[in-house]
Amino acid sequence: MEQKEQWGSRSGFILAAVGSAIGLGNIWRYPYVVYENGGGAFLLPYLIALFTAAIPILLMEYAIGHKKRGSAPLSYKRLSDRFEWIGWWQVLVSFVIITYYMVIIGWAASYTYFSMGTQWGDDTQSFFLSQYLNVGEDFWSFGGIQWQILIPVILVWALVYWVLHRGVNRGIELASKILMPLLIVLLIIFTIRAITLPGAMDGLDVLFTPDFSKMLNTDVWFAAYGQVFFSLSLGAGIMITYSSYLKKKSDLANSGMIAGLANSGFEFLAAIAVFGALGFLAVQQNVAVTEVVSSGPMLAFVVFPNIINAFPSLNSLFGVLFFGTLVFAGFTSAVSLLEPGISAFKEKMNISRKAAVNWICGLGLLVSIAYTTRSGLSLLDIVDNFVNKFGILFSALVAMILIGWVGKQLNPLRDHINSVSDIQVGKWWIVMLKFISPLILSYILISGTISEINEPYGDGGYPISALSIFGYGLVIALIIGAFLLQMKKWPPIQSSDEKERHKHGA
Ligand code: PHE
């Protein structure tokens, strides 16, 4: 039995946690989500989601991993034998996310290269959709692997694999220590350049002009919770896994606050940079800012190349800077999305870390090939939508209910946090996790499901068969898969009780 791995220092853990949180979600998702959901007024649901749900759940996940010292399934099992499946569910959610997340990083890597000499030309939309992705007409024909996508994707997989193979301390921690400071410097450079461009202020105006009428719309709240959870990497077993590698005496409350605020600060700055740049583009093209805003893949890969084209000077350099930032931000998140699966697999199958890394990365690479076909973009969009809403948010809700009501574990977990932390977590924490958040989340999920059924995702752009299989079908398959994994027996060392395990050198 290998010794349980550990972070070298608390700052290493915080950097890894921040590295997981700061990712593609902060750069291409957050700015658009803010714009789409009421601009400045979005700050209200965002902050409510952050303080009533996300930060309390972040601390809960830290506490579970740190107290129970295992992967997500093992930690949940040690809370109660009936809870193991929820850990597997979250592991499966993070596995599904990584299979497409890696493909987006692959696109960003390609675009870092295309930036040199702005190879995307003037028509950036047809370059992205027709030339690079080679999007097909019919979803179900898939139309073969696109090598220009698969090759960079394999490259990124290889690098991530290498980091994970080196282990928690010499791999994940080291990569986060190098990439996080670099990322912050890159973002600051980019933000300064963006807000000093002509027209930048018009962009910020659009971003921050509050539309309070949207606050009554449940979709806006759904978006806020979805954004905050995705951005902080919650409900995916990651924080449980990462905190299980902490030394016994490690401050949890303080680390959670730092990670939460660093992540929000980063996305706030990213939104300013992105909207400053959009304001500039609108002025160049003589149109309203609202006409150039776009979301997700389109914002980064169609609109941004346009912005780079319009830059007064150093176009290639800023292109490399922007897409390089996306690659670096995505990289440490990708590493974190794989770690829950690796640690869970290692414990349950009783194999070495390296063998688990081989299995999980190998499997992940195989699945991600599906997104490099001509239907890749649609597939990615569907899976992303469903897994976020009904994977992350739903699994977090179920976890809160099981822990707060069924297992009655909130008090012991709070005692645990307080026994190691400087800042003491008050009763409010329990109130949030037991009453407020489950209520709000249940309401949002129920009304969100109803509106999803009434208006199928994608405005009719996707066949219902695709939504049923890769949307609802996948969500259900993950839950069934979680129960099946729970049924498999544990190797003797892991099922022995906790004190027993500590004697073995954990
Ligand atoms: N938080 C990361 C991002 O914002 C990625 C991530 C999402 C990680 C969901 C885990 C779970 O891009």
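All of the numbers you see were taken from the coordinates with simple rules; none came from a lab. Here the structure is a predicted model, which is why all the values come from computation and not from measurement. In this analysis, Cβ positions are derived from the backbone assuming ideal geometry, glycine residues included, and neighbour counts consider all displayed protein chains.
Mean residue ellipticity at 222 nm from the helices of the chain, using -39,500 (n - 2.57) per DSSP H segment of n ≥ 4 over the full residue count, to the nearest 500 deg cm²/dmol?
Here the helix-only value at 222 nm equals -20500 deg cm²/dmol.
With equal scatterers on the alpha carbons only and no solvent term, can you work out the Debye log10 of I(q)/I(0) for the stretch 437-477 at 0.27, 0.29, 0.32 1/Å?
Scattering profile of the stretch 437-477, log10 relative to I(0): -0.93, -0.98, -1.03.
Given that compact globular proteins tend to follow 2.2 N^0.38 Å, what is the ratio of the alpha-carbon Rg of the stretch 278-319 to that value?
Dividing the Cα radius of gyration by 2.2 N^0.38 Å gives 1.11.
Looking at the stretch 164-193, which trypsin sites (Lys or Arg not before Pro) are in a loop (DSSP not H, G, I, E or B) and have at most 12 other Cβ atoms within 10 Å?
Sparse-neighbourhood loop trypsin sites (Lys or Arg not before Pro): none present.
Between the alpha-carbon centers of the stretch 63-109 and the stretch 278-337, tell me the distance in whole angstrom.
Cα centroid to Cα centroid, the span is 31 Å.
Could you give the size of the charge dipole of the stretch 10-489 about its Cα centre, using +1 on the Cβ of each K and R and -1 on the Cβ of each D and E, expressed in debye and rounded to the nearest 20?
2560 debye
Report ³J(HN,Hα) in whole Hz for each residue of the stretch 100-112, in order, from the Karplus equation J = 6.51 cos²θ - 1.76 cosθ + 1.60 where θ = phi - 60°; Gly and Pro get x.
Once θ is set to phi - 60°, the couplings for the stretch 100-112 become 9, 4, 4, 5, 5, 5, x, 4, 4, 5, 4, 6, 5 Hz.
If you stretched the chain out fully between residue 123 and residue 489, how much longer would it get, using 0.36 nm times the residue separation minus the C-alpha to C-alpha distance?
Extra length available between residue 123 and residue 489 comes to 126.1 nm.
Loop sites only, by DSSP: take the GluC sites (Glu not before Pro) in the chain that have at most 12 other C-beta atoms within 10 Å and name the longest stretch containing none of them. Don't skip to the end; give the middle numbers.
Numbers: sites that count: 2, 137.
The answer is 138-506.
Any idea what the relative contact order of the chain is, in percent, if you count C-alpha pairs under 8 Å spaced at least 6 apart?
Values: 765 pairs, mean separation 165.7, N = 506.
Rounded, it is 33 percent for the chain.
May I ask for the percentage of alpha-carbon pairs in the stretch 95-231 that lie more than 21 Å from each other?
Numbers: 6222 of 9316 pairs.
Taking all Cα-Cα pairs of the stretch 95-231, the fraction more than 21 Å apart is 67 percent.
For the chain, with the dipole built from +1 on Lys and Arg beta-carbon atoms and -1 on Asp and Glu ones, taken about the Cα centre, which of 470, 115, 483 lies farthest toward the positive end?
483
On a full-extension model of 0.36 nm per residue, what is the gain between residue 455 and residue 427, subtracting their alpha-carbon distance, rounded to one decimal in nm? All intermediate terms of the calculation are to be shown ahead of the outcome.
On the way: separation 28, 0.36 × 28 = 10.08 nm, distance 4.04 nm.
Separation in residues times 0.36 nm, less the Cα-Cα distance, equals 6.0 nm.
Take every Cα pair under 8 Å in the stretch 12-170 that's 6+ residues apart, average their separations, divide by the length, and report that relative contact order as a whole percent. Intermediate values should be presented prior to the final figure.
Working: 67 pairs, mean separation 21.3, N = 159.
About 13 percent, as a whole number.
What is the Rg over Rh value, at two decimals, for the stretch 65-130, using alpha-carbon atoms and the Kirkwood definition of Rh?
Taking Rg over the Kirkwood Rh, I get 1.37.
What Kirkwood radius, in Å to one decimal, follows from the Cα pairs of the stretch 352-484? Working shown, then result.
On the way: mean 1/r = 0.0560 Å⁻¹.
Computed over Cα pairs of the stretch 352-484, the Kirkwood hydrodynamic radius comes out at 17.9 Å.
I'd like the Karplus ³J(HN,Hα) series for the stretch 86-92: coefficients 6.51, -1.76, 1.60, θ = phi - 60°, whole numbers in Hz, and an x wherever there's a Gly or Pro.
Working through the residues one at a time gives 5, x, 5, 4, 5, 4, 5 Hz.
When only alpha-carbon atoms count, how far does the stretch 1-141 stretch along each of its three principal axes, as whole angstroms with the largest first?
So the extents along the principal axes, rounded to whole Å, are 57, 45, 37.
What spacing in nm lies between the two simple spin-label points modelled at residue 185 and residue 248, each 7 Å away from Cα in the Cβ direction?
Rounded to a tenth, the inter-label distance reads 4.0 nm.
Sort 443, 101 by Cβ crowding within 10 Å, fewest neighbours at the top.
Fewest-to-most ranking of 443, 101: 443, 101.
Quick one: net charge of residue 445's neighbours, Cβ under 11 Å, K/R +1, D/E -1? Write out the running numbers ahead of the final one.
Values: positive: 389; negative: 452.
Once positives and negatives cancel, what remains is 0.
What does the charge add up to near residue 299, with Lys and Arg as +1, Asp and Glu as -1, over the other residues with Cβ less than 12 Å from its Cβ?
Here the charged neighbours net out to 0.
What area, in nm² and to one decimal, does the C-alpha convex hull of the stretch 178-275 cast on average over all directions?
Projected area, direction-averaged: 8.5 nm².
Short version: ³J(HN,Hα) in whole Hz for each residue of the stretch 298-304, in order, from phi by Karplus 6.51 cos²θ - 1.76 cosθ + 1.60 (θ = phi - 60°), x for Gly and Pro, what are they?
5, 4, 6, 9, 10, 6, 5
Quick check: the distance between the Cα centres of the stretch 215-235 and the stretch 133-167, to the nearest angstrom?
Cα centres, the stretch 215-235 to the stretch 133-167: 29 Å.
Below 15 angstrom from the Cβ of residue 376, what's the summed charge of the other residues (Lys, Arg +1; Asp, Glu -1)?
On the way: positive: 374; negative: 137, 138, 381, 384.
Charge balance near residue 376 sits at -3.
From zero outward in steps of 10 Å, how is the percent of C-alpha pairs of the chain spread across the bins?
Distribution as computed: 4, 20, 31, 28, 13, 4, 0, 0 percent.
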